[in-house]
Amino acid sequence: MIKITFPDASVREYEKGITGLEIANSISQRLAQEVIAASVNGETWDLTRPIENDATVNLLKWDDEEGKHAYWHSSAHLMAEALQELYPGIKFGIGPAIENGFYYDVDPGEGVAIKEADFPAIEKKMMELISAKEDIQRKNISKADAIRMFSERDEHYKVELINELEDGTITTYTQGRFTDLCRGPHLPNTSYIKAVKVLSSAGAYWRGDEKRPQLTRLYGITFPKKKMLDEYLVMLEEAKKRDHRKIGKELQLFAFSQNVGAGLPLWLPKGTQLRLRLEDFLKKIQREFDYEQVITPHIGSKQLYVTSGHYAKYGKDSFQPIHTPEEGEEFLLKPMNCPHHCEIYKAFPRSYKELPLRLAEFGTVYRYEQSGELHGLTRVRGFTQDDAHIFCTPDQVKDEFLKVVDIIFIIFKALNFENFEVQISLRDPENKEKYIGTDENWEKAERAIVEACEEKGLNTKIELGEAAFYGPKLDFMVKDALGRRWQLGTIQVDYNLPDRFELEYTGADNQKHRPVMIHRAPFGSMERFVAVLIEHTAGKFPLWLAPTQAVVIPVSEKFNGYAYNVIKELKKFDIRAEVDDRNEKVGRKIRDNELKRIPYLLIVGEKEAENEEVSVRKQGGEDKGSVKLRIFAEEVSREVEEMMNPEKQPI
Ligand SMILES: [Zn+2]
Ligand SMILES: [Zn+2]
């Protein structure tokens, strides 16, 4: 017999060789129907894999990340099996589960293309294989046998992967006539999958290397219920409408030009206004929290990044150094602001009395991304971080964390991100030697972060072993209006850079000490944040941010003059307004400006002109009737004022 311990600490005895599925069955039939995979001593296993020793077992369902992962990975195999049936001779690359669904990179062969029109046939074949309820079987295989087996089928991509594996660690999974080189885990059989959709295809270089062959990456998604797939497809449609690249164009916020270069966004006047307003908002908060603004150059000597360690770690995959024509100097485009800020710290001898020193910069950085990976404003090659570095004593870490969390709260509230998750990444307690910094400082910082989150009542997930080698961190993930998760802000403790740059301060004891550095960027980058904001709001920005807050629509040419007077008056209240004096019908003008997501439309005709009024139509169609211009202006500026000062409201 073996002892199985469950997450609630209860223990049951089973016969040696029991499987996760059998354990589920012994508890309840319902559980057996819902369970997808089993976590055995922290590792995800197939439900049908025998457990030979005492173990801690957690039965995973659809709602568990790892369960979903196994489900979608099995679905990738299912799609591959269908493709093998439909496209004889097709070669397979890799096929992992991803955040939403899965993909498989395939090489359909010379002159064969898999197009959107082919997706229904693939889905049909997948459904057939589901009906066949094929068992998915795991097998250990020697390296020699694996190479022989995949060579015989001419699966040269797989052979390349096998060659890099260690003998004794190789497993295959087989269902029907399809066998894949795979670590697993997988569903017991294909019938667990109920609803399938092949979503899209894209080109993807083998192993991400543009010198290697280009494969076809087929994306798909599956669900245990047809209804879930339907809901997902509705969400996807809505997401398409909200795509920030589409809305960015419609609202003339940003553009890309091949002449400037891929991944280098151009901020148009309206987008720039929006961005500057966000920056001003952040700067104002920073001032209140005693940050000091600094400005540093866009390039830095290569040596600076050798010192920081960035060059050794990322140099090969970065933009290559810039050489001066005569003096043999080498510069790098700034990939991060931290080293520059360390040098600002070092510009003077520092005393403990100056700490915490908080240096903030909207610092533009450049990071090389393969052109195929670029995506609108979310994956770019040049972007501006809302960056700051806090230099403090180890004892100040907790207080500083609390303050940064406060800042992030203020921001999320002002921008209506009500749903967010927080992840604390701590070091792996079994592998302490992997990390730089003293045990004492790590413990202090980790405790500080956990306590700060508790004090703020944050709903946190703690991940052991997810910390960077140089310090623990806290990441904020927001959920947008469609329930999609976006990684935004991060707060990160760093013991490494202060060491590498030999930063010091003189303590109260008159001795030299090393400060702790905290990196923090609540938005992450202005580009990414604006993209998320567009998709979250569908381009209907909060009033205080909207590039144009009101459009005045004269009912006929006769009232253009009054319309321009209205603008002049609104300007006095800092309200951004325009006149739509096109020679169009009023109805048309209203529709067009609604599409531009203008918060207030002000219709003016004879009555309004006579009484110094505007007829107010709110975004969404609500008709507020005629209002004295002055009263409208006062109300709008009050609304903006309140939105911009959310810190004065209770959180
Ligand atoms: Zn696999
Ligand atoms: Zn930094």
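Figures for the structure shown
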{"read-out": "Heavy-atom surface of the chain, accessible at 1.4 Å and reported per residue (Å²)", "value": "49 Å²"}
{"read-out": "0 to 90° range, to nearest 10: angle between helix 439-455 axis and the chain longest Cα axis", "value": "60 degrees"}
{"read-out": "Area accessible to solvent at ARG358, 1.4 Å probe radius, in Å²", "value": "20 Å²"}
{"read-out": "Tensor-based shape of region 155-221 (alpha-carbon gyration tensor, a/c under 1.5 rounded, otherwise prolate or oblate)", "value": "oblate"}
{"read-out": "Solvent exposure, largest accessible area first (probe 1.4 Å, DNA, RNA and ligands not counted), of GLU454, GLU400, GLU13", "value": "GLU454, GLU13, GLU400"}
{"read-out": "Candidate residues ASP230, ASP154: accessible-area rank, largest first, probe 1.4 Å", "value": "ASP154, ASP230"}
{"read-out": "Calculated from backbone phi, Karplus (6.51, -1.76, 1.60) coupling profile of region 532-537 in Hz, x at Gly/Pro", "value": "5, 4, 4, 6, 5, 9"}
{"read-out": "Heavy-atom accessible area ranking, 1.4 Å probe, most first, across SER151, SER615", "value": "SER151, SER615"}
{"read-out": "Of all accessible heavy-atom area on region 431-553, the percent that carbon and sulfur account for (1.4 Å)", "value": "42 percent"}
{"read-out": "Theoretical FRET efficiency, 1/(1+(r/R0)^6), r = Cβ-Cβ of LYS624 and LEU266, R0 30 Å, to 0.05", "value": "0.20"}
{"read-out": "Listed residue pairs exceeding 20 Å between alpha carbons, taken from LYS346/LYS434; LYS68/LYS115; LYS403/LYS473; LYS316/LYS432; LYS284/LYS461", "value": "LYS346/LYS434; LYS68/LYS115; LYS316/LYS432; LYS284/LYS461"}
{"read-out": "Between region 354-369 and region 308-324, the alpha-carbon center distance in angstrom", "value": "18 Å"}
{"read-out": "Mean separation of Cα contacts under 8 Å, 6 or more apart, over the residue count of the chain: relative contact order %", "value": "8 percent"}
{"read-out": "Karplus-derived 3J(HN,Hα), 6.51/-1.76/1.60, for each residue of region 293-301, Hz, glycine and proline x", "value": "6, 10, 9, 10, x, 7, 10, x, 4"}
{"read-out": "Nearest-ten-degree value, helix 397-414 long axis tilted from longest Cα axis of the chain", "value": "70 degrees"}
{"read-out": "Long pairs among LYS246/LYS624; LYS197/LYS246; LYS558/LYS589; LYS313/LYS398; LYS194/LYS540, criterion Cα-Cα beyond 27 Å", "value": "LYS246/LYS624; LYS313/LYS398; LYS194/LYS540"}
{"read-out": "The chain: radius of gyration over Cα atoms, expressed as a fraction of 2.2 N^0.38 Å", "value": "1.14"}
{"read-out": "Residue-by-residue Karplus 3J(HN,Hα) for region 424-434, coefficients 6.51, -1.76, 1.60, Hz, glycine and proline x", "value": "9, 9, 10, 7, 7, x, 7, 10, 4, 6, 5"}
{"read-out": "Point-to-point label distance, LYS246-GLU34, nm (Cα→Cβ direction, 7 Å offset)", "value": "3.6 nm"}
{"read-out": "Over region 459-548, relative contact order from alpha-carbon pairs under 8 Å, at least 6 apart, %", "value": "23 percent"}
{"read-out": "Low-density loop positions, chymotrypsin sites (Phe, Trp or Tyr not before Pro), region 294-326 - DSSP coil, at most 16 other Cβ in 10 Å", "value": "PHE319"}
{"read-out": "Ellipticity estimate at 222 nm from DSSP helix runs (n ≥ 4, -39,500 (n - 2.57)) divided over the chain, nearest 500", "value": "-11000 deg cm²/dmol"}
{"read-out": "Other-chain or far-sequence residues with amide H under 5 Å of ILE299's (modelled H)", "value": "LYS334"}
{"read-out": "For TYR352, solvent-accessible area (1.4 Å; no DNA, RNA or ligand), Å²", "value": "90 Å²"}
{"read-out": "In Å², nearest 10: area of LYS334 left accessible to a 1.4 Å probe", "value": "0 Å²"}
{"read-out": "Relative contact order (%) - criterion: Cα under 8 Å, at least six apart; region: region 393-461", "value": "58 percent"}
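The values are calculated or read from the model by the stated rules, or taken from the named source; none is laboratory data. The model shown is predicted, which means the values in this text are computed figures rather than measured ones. Reconstructed Cβ throughout: ideal geometry from the backbone, glycine too, with neighbour counts over all protein chains shown. Side chains are part of the model used for accessible areas, which takes the heavy atoms of the whole protein and leaves out ligands, DNA and RNA. Shrake-Rupley method; radii C 1.70, N 1.55, O 1.52, S 1.80 Å.
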